[in-house]
Structures are given as structure tokens and as C-alpha cells.
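Before any comments, here is the structure.
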């Protein structure tokens, strides 16, 4: 897969099966998202396509290689800070999909008037994500000690990461 051919675009209803094929296994693995691991297909899609989420897909030709959502991190006085969640299809990992989605989300967030982007719960054992977010200008501004119960590693730290837009 060449990331130069990748298009990141808003998700449409026809993308739901491909998005579910990415999201459901990641949630079931329970290694990176603080959400129940036993969601059925309808609940997994309902979570990802929550009314608060604007959902996008990264597509290479006709294959959905990743998906992300963009939302306000908080309401009211915190509504100027964006938040995103990203997932990449297993076959597309290591091919620049997450980078392309994050770069797209930073541009999209700026267009929408957000002034910063914050990731609330980056699991410390997700070292590839931590390294990528740091390369893209995010700083670890807080460590939540043993805040995530990883199915393999037990209780591990999570990071709060942020960058200005």
C-alpha cells in the first residue's frame, strides 16, 4: 500500500462494514481503548459513530485502511480543544495510515476552530502510537499511574498528550 495514494475523507454509510472490521477487533482486544471489550457489532458501531463523533476513513484505492473520529474534548469552556481516536486495519499497520489520519485530523480541527488537540488516555504500552504522536508534536503533559488495565500487562500507566494547533 502506498500512502501517497491514500485519501482521508468523511465516512459514509457504505463504510460501516469496513469500519466495523477495524474497530471491533481493536475494542475486543482491550489493549488501547478504555471501553468494554464485549461489545457486539451494533454497540461497537454505535460507539464509533456516536453523535458527538465526526468519523473519517483513510482509503487506499477501494480499501478502507483506517478510521478516526474527531470531536470536542469537553463542552463549554473546554470546547476549543479537539479530541480524536484512531484505528488502523491490521494489514495496513506500519504503512503511514495513522500518520496520514492524524495529519488530516490536525488540519480538520484547525478548520473547525479548535485551538489544541488532546488525547486523554494514551496507553503507555502502545509505544508505536506514543512515538508517532510525539513526532507529530504532541507532548506528554500528564501520567495517569496504573490507569489502564491491560489484558496482557496488567495495570499500566496512561498518558495525557496535547499539542496546540
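The values are calculated or read from the model by the stated rules, or taken from the named source; none is laboratory data. Just so it is clear, the model here is predicted, and its values are computed rather than measured. Cβ placement follows ideal geometry from the backbone for every residue including glycine, while neighbour counts extend to all protein chains displayed.
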### Task
Being out of contact with any helix residue (DSSP H, G or I) (no Cβ under 7 Å at 6 or more places or on another chain) and in contact (Cβ under 8 Å) with a residue 12 or more places away in the chain is the filter; apply it to the stretch 73-84 and report the residue that is surrounded by the fewest Cβ atoms within 10 Å (Cβ to Cβ).
80
### Task
Return yes when residue 70 is in contact with a helix residue (DSSP H, G or I) (Cβ under 6 Å, 6 or more places away or on another chain), surrounded by fewer than 20 Cβ atoms within 10 Å (Cβ to Cβ) and modelled with pLDDT of 95 or more and no when it is not.
no
### Query
What residue, of 131, 82, 100, is under 20 Å from residue 66 (Cα atoms), part of a strand (DSSP E or B) and over 11 Å from the mean Cα position of the chain (by Cα)?
82
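Here's the yes/no breakdown for (1) in contact (Cβ under 8 Å) with a residue 24 or more places away in the chain; (2) more than 28 Å from residue 152 (Cα to Cα); (3) part of a loop (DSSP other than H, G, I, E, B):
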site	(1), (2), (3)
15	yes, yes, no
25	yes, no, no
31	yes, no, yes
35	no, no, yes
38	no, no, yes
44	yes, no, no
50	no, yes, yes
64	yes, yes, no
### Query
Filtering the stretch 85-97 down to residues that are at negative phi and in a loop (DSSP other than H, G, I, E, B), which residue is modelled with the highest pLDDT?
89
### Message
Condition first: surrounded by 11 or more Cβ atoms within 10 Å (Cβ to Cβ) and either within 26 Å of residue 96 (Cα to Cα) or touching a residue at least 40 places away in the same chain (Cβ under 8 Å) (or both). Now tell me which residues in the stretch 130-146 satisfy that.
### Response
130, 132, 133, 134, 136, 137, 138, 139, 140, 141
### Task
Look through the stretch 1-13, keep the residues that are in contact with a strand residue (DSSP E or B) (Cβ under 8 Å, 6 or more places away or on another chain) and part of a loop (DSSP other than H, G, I, E, B), and return whichever of them is farthest from residue 93 (Cα to Cα).
11
### Query
Tally time: how many residues in the stretch 96-129 are surrounded by 13 or more Cβ atoms within 10 Å (Cβ to Cβ) and out of contact with any strand residue (DSSP E or B) (no Cβ under 8 Å at 6 or more places or on another chain)?
4
### Task
Please go through the stretch 147-165 and pick out each residue that is outside any strand (DSSP E or B) and exposed (fewer than 12 other Cβ atoms within 10 Å of the Cβ).
151, 152
### Task
Please tell me if residue 151 is out of contact with any strand residue (DSSP E or B) (no Cβ under 7 Å at 6 or more places or on another chain), touching a residue at least 12 places away in the same chain (Cβ under 8 Å) and within 28 Å of residue 36 (Cβ to Cβ).
yes
### Query
Filtering the stretch 14-25 down to residues that are under 14 Å from residue 91 (Cα atoms) and out of contact with any helix residue (DSSP H, G or I) (no Cβ under 9 Å at 6 or more places or on another chain), which residue is surrounded by the fewest Cβ atoms within 10 Å (Cβ to Cβ)?
21
